[in-house]
């Protein structure tokens, strides 16, 4: 089901609306070493809107299968999201499906005022160039005037080149 096939005005019984904005960070923030983080492996299942995710936080690992149905509204990324938590065995079954994998480290930054900011560190391409993407999720519709409290190159909320499934095509597995 593609985003254009969805009635976005409808309230979906098994999906949660997710509002987010994403920003390409200019340089690695110096304070990252002081923040907590999680290691994330995403597999974008070929020809679907499904993402298989493994999240490792120290000794704890969590597995999820998520369907995201994106749309754009007034410059915001709004998605209908449904997630199922999986056992390791179930995860390994889905892992066999064709798709693209990307690994990243997600840091969590809590500014003095405002929402928690997830900062993803992703290495892309054969040269392993690193990019940092800051993502802010909102429970309610945010003001259009939200200002990221970090130096950034540009907002990439509406730039399809910076969504996970597209970045995964440029990610080189070791």
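The values are calculated or read from the model by the stated rules, or taken from the named source; none is laboratory data. Every value quoted in this text rests on a predicted model; they were computed, and no experiment measured them. Note that each Cβ is placed from the backbone with ideal geometry, even for glycine, and that neighbours are counted across all protein chains shown.
Going by what's in this entry, would residue 69 be described as on the phi < 0 side of the Ramachandran plot and at pLDDT 95 or above?
Taking the combined requirement at face value, the residue does not satisfy it.
State the number of residues belonging to the range 18-49 that are in contact (Cβ under 8 Å) with a residue 24 or more places away in the chain and not in a loop (DSSP other than H, G, I, E, B).
Within the range 18-49, residues that are in contact (Cβ under 8 Å) with a residue 24 or more places away in the chain and not in a loop (DSSP other than H, G, I, E, B) number 19.
Just checking, how many residues over the range 117-137 are in contact (Cβ under 8 Å) with a residue 12 or more places away in the chain and over 16 Å from residue 152 (Cα atoms)?
Selection size over the range 117-137: 6.
Those residues that are more than 18 Å from residue 30 (Cα to Cα) and touching a helix residue (DSSP H, G or I) at 6+ places or on another chain (Cβ under 7 Å), I need them from the range 111-133; list them, please.
The answer is 124, 125.
Does residue 137 satisfy the criteria of being under 14 Å from residue 20 (Cα atoms) and at pLDDT below 95?
Yes.
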